[in-house]
1. Here is a check on your reading of the model: is A:Glu93 in a loop (DSSP other than H, G, I, E, B) and near RNA strand B (Cβ under 9 Å from one of its atoms)?
2. Quickly run through the range A:152-183 and pick out the residues that are closer than 30 Å to A:Phe240 by Cα, charged (D, E, K, R) and away from RNA strand B (no atom under 16 Å from the Cβ).
3. Taking only pairs six or more apart or across chains, which ones have beta-carbon atoms under 8 Å, a first residue in the range A:259-282 that is more than 20 Å from A:Ala469 (Cβ to Cβ), and a second residue that is of a type in the set (S, T, N, Q) and at pLDDT 95 or above?
4. Quick one: A:Glu68 ticks every box in (1) within 14 Å of A:Val101 (Cα to Cα); (2) modelled with pLDDT of 95 or more; (3) not in a loop (DSSP other than H, G, I, E, B) bar one, so which box is it?
5. Among the residues of the range A:455-466, are any closer than 23 Å to A:Gly207 by Cβ and in contact (Cβ under 8 Å) with a residue 40 or more places away in the chain?
6. How many of the residues making up the range A:105-151 are more than 16 Å from RNA strand B (Cβ to nearest atom) and surrounded by 15 or more Cβ atoms within 10 Å (Cβ to Cβ)?
7. Considering only the range A:552-572, I want to know if a residue exists there that is more than 30 Å from A:Glu435 (Cα to Cα), more than 15 Å from RNA strand B (Cβ to nearest atom) and touching a residue at least 60 places away in the same chain (Cβ under 8 Å).
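The values are calculated or read from the model by the stated rules, or taken from the named source; none is laboratory data. In this text the structure is predicted, and so the values were computed from the model without any measurement. In this analysis, Cβ positions are derived from the backbone assuming ideal geometry, glycine residues included, and neighbour counts consider all displayed protein chains.
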Amino acid sequence: MYRTHTCGELRLEHQGIEVTLAGWVQRKRELGGMTFVDLRDRYGITQLVFDEKASAELNDKLKKLGREFVIQATGHVRERSSKNDHLPTGDIEMDVADLKVLSPSAVPPFTIEDESDGGDDIRMKYRYLDLRRNPVRENLVLRSKMAHAIRSYLNDQEFIETETPVLIKSTPEGARDFVVPSRMNEGQFYALPQSPQVFKQLLMVAGFDRYYQIVKCFRDEDLRADRQPEFTQIDCEMAFVEQEDVLNTFEGLTKHLFKAIKNVDVADFPRMSYADAMINYGSDKPDIRFDMLIKDLTDVVKGHQFSVFDDAEFIGAICAEGCADYTRKQLDALTNWVKRPQIGAKGMVYLKCNADGTFKSSVDKFYSEDELQKWASACGAKAGDLILLLSGEKASMLDALGALRLEMGKQLGLMDKNTFKPLWVVDFPLLEWDEETQRHYAMHHPFTAPKPEDIALLDTAPGKVRANAYDLVINGVEIGGGSVRIYDSELQSRMFDLLGFTKEEAQAQFGFLMSAFKYGAPPHAGIAFGFDRLVSLFAGLDSIRDVIAFPKNNAGRDVMIDSPSPIAQNQLDELNLKVVLKEKK
RNA sequence: GGUGGCGUAGUUCAGUUGGUUAGAAUAUCGGCCUGUCACGCCGAGGGUCGCGAGUUCGAGUCUCGUCGUCACCGCCA
């Protein structure tokens with residue numbers, strides 16, 4: 001036995017007893033005749049005291065101790081003569097009688113403290129050291145607790161946790177697959193799952209009725225702060241349910257997590273159609289912690305010889321409360337911000353609704369005070385507010401206004417990390433048109449059921465068909481999404497047809513699913529939450545990297561183990577692979 | 001694929017208009033110190049200014065390229 005107690009549990013009540021602790025040297029404070037050592041493990045810190053007069057042997061060992069040495073110390077617990085209110089163990093210390101170095105440490109490249117001196121790069125390279133730090137470890141403890149709470153909630157609701165295979169089959173739709181060559185099947189490849197989609201549907205056909213899994217998924221696409229090539233989903237599917245049943249079940253799960261983990265009671269989640277989200281928020285994942293809705297001013301501002309507006313398909317605005325005192329410099333900065341290629345606006349028009357009731361606009365030579373008053377009324381603006389207008393092609397301006405809205409929300413401090421506003425976005429379009437390939441793609445996935453009342457549109461106006469598909473959005477983050485599935489092989493076959501699959505292709509890719517549907521498939525629906533995003537939201541973090549023990553960087557590299565990496569020629573030979581690198585231009 | 005930020009001591013950063021020997025903090029090492037807890041005080045060592053070209057009498061500083069890293073756009077059913 002290496003220890004009798006952890007470094008976080010000794011208190012005054014333990015005084016007088018002999019204990020053994022083991023852990024890492026956090027810090028050494030030498031005061032000449034005596035030395036203090038802070039001993040750390042994941043449970044806390046306990047102060048060890050060494051008296052110079054005790055023994056020469058102990059002094060020698062003590063002298064050699066450095067930061068992050070792993071040691072074992074034995075001695076009696078005693079009350080401190082000067083206590084430390086900042087530590088739970090601050091009333092006591094160990095009078096060390098015996099010390100053993102279990103493992104020495106090189107000088108770590110950054111300080112292992114709550115506020116480390118290390119930057120992201122170096123901490124990622126030495127992730128195992130970064131994980132010793134309290135804030136990083138706490139994120140992973142939170143993750144563990146949330147996983148536990150999810151399992152417990154779903155188990156109580158009769159969900160069956162079922163594993164599905166990781167080596168599966170590549171499909172053309174959706175994200176790029178990570179592929180794995182098969183040695184035993186020459187020239188053939190497995191794919192890693194983008195999600196266990198078809199397997200969970202087959203489990204419904206199998207009569208499992210309620211399935212869930214906290215499962216790794218893989219997508220070979222470019223990364224972001226909230227996107228990793230491998231990420232974790234809370235993946236679920238239910239049979240004999242309608243959309244409403246799924247929403248209620250997972251709204252319940254989400255509320256349970258907020259209560260159990262953060263002791264927060266959240267109100268019932270509002271529902272918003274995809275169409276409304278796009279028009280009012282310029283986004284399919286609206287942040288409803290604040291309003292500042294987008295207003296369509298097209299009809300209000302046209303027809304006044306201001307050609308920029310007159311020639312535009314759409315003119316939209318947001319109203320920033322209390323910002324009429326923005327300076328020229330601030331407005332110029334915002335204008336430049338919306339003109340960046342990422343936002344893509346050509347320019348920005350402002351209208352200051354001054355406190356004295358007058359108006360000041362960048363285009364007021366085209367518009368009378370009365371006209372400007374109409375703008376203000378249409379935006380619901382009051383004295384002291386600032387209206388920002390963008391004009392251009394409708395879809396891209398809604399997008400830009402949505403981004404501008406978030407930027408203003410950020411600048412005005414309207415996005416409090418401790419406020420949680422979940423909502424369901426529903427009625428997504430079933431299909432989206434792709435200009436490049438001149439065909440429709442499934443917006444969610446090809447197994448999503450159209451709304452029954454829209455099925456007639458499948459032939460006439462497929463772009464207008466709405467799906468029984470839904471997303472859970474919290475604070476502008478897409479936490480999860482799902483849909484009611486097609487369970488009729490005829491309709492499924494028609495969908496593949498719409499998506500441009502030939503009968504043969506559909507049969508080759510998804511024949512197993514359509515066969516399964518011929519043997520009594522129950523109506524079913526499902527949902528998947530992005531677990532990493534959910535944890536980072538609960539932790540108040542912007543990057544999911546912070547809630548993953550060993551994450552990858554922007555380029556999909558693990559800088560700690562230095563992967564990916566080339567493989568040996570004999571491995572390539574065995575797999576019948578030949579590497580041909582493209583010439584760099 | 002694209003846009004932008006960053007790259008200087010182990011680490012985090014400063015570095016003026018292009019001009020003498022590139023600084024600070026912290027970490028490390030040595031010395032002093034018996035109640036510290038971010039201990040304190042004194043001292044020391046530590047630099048291919050990411051890399052490569054170019055401009056210049058002279059480049060950490062300017063230009064181009066390249067590599068690394070971060071954020072975003074495209075992409076992510």
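1. The answer is no for A:Glu93.
2. Scanning the range A:152-183 gives A:Asp156, A:Glu158, A:Glu161, A:Glu163.
3. Between residues of the range A:259-282 that are more than 20 Å from A:Ala469 (Cβ to Cβ) and residues that are of a type in the set (S, T, N, Q) and at pLDDT 95 or above, the close pairs are A:Val266/A:Thr254.
4. Single failed check for A:Glu68: (3).
5. Checked against the condition, which is being closer than 23 Å to A:Gly207 by Cβ and in contact (Cβ under 8 Å) with a residue 40 or more places away in the chain, the range A:455-466 yields no hits at all.
6. 10
7. Looking through the range A:552-572, none of the residues is more than 30 Å from A:Glu435 (Cα to Cα), more than 15 Å from RNA strand B (Cβ to nearest atom) and touching a residue at least 60 places away in the same chain (Cβ under 8 Å).
Residues checked against (1) touching a strand residue (DSSP E or B) at 6+ places or on another chain (Cβ under 6 Å); (2) acidic (Asp, Glu); (3) at positive phi:
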site: A:Ile343; (1), (2), (3): no, no, no
site: A:Gly380; (1), (2), (3): no, no, yes
site: A:Arg405; (1), (2), (3): yes, no, no
site: A:Leu412; (1), (2), (3): no, no, no
site: A:Val426; (1), (2), (3): yes, no, no
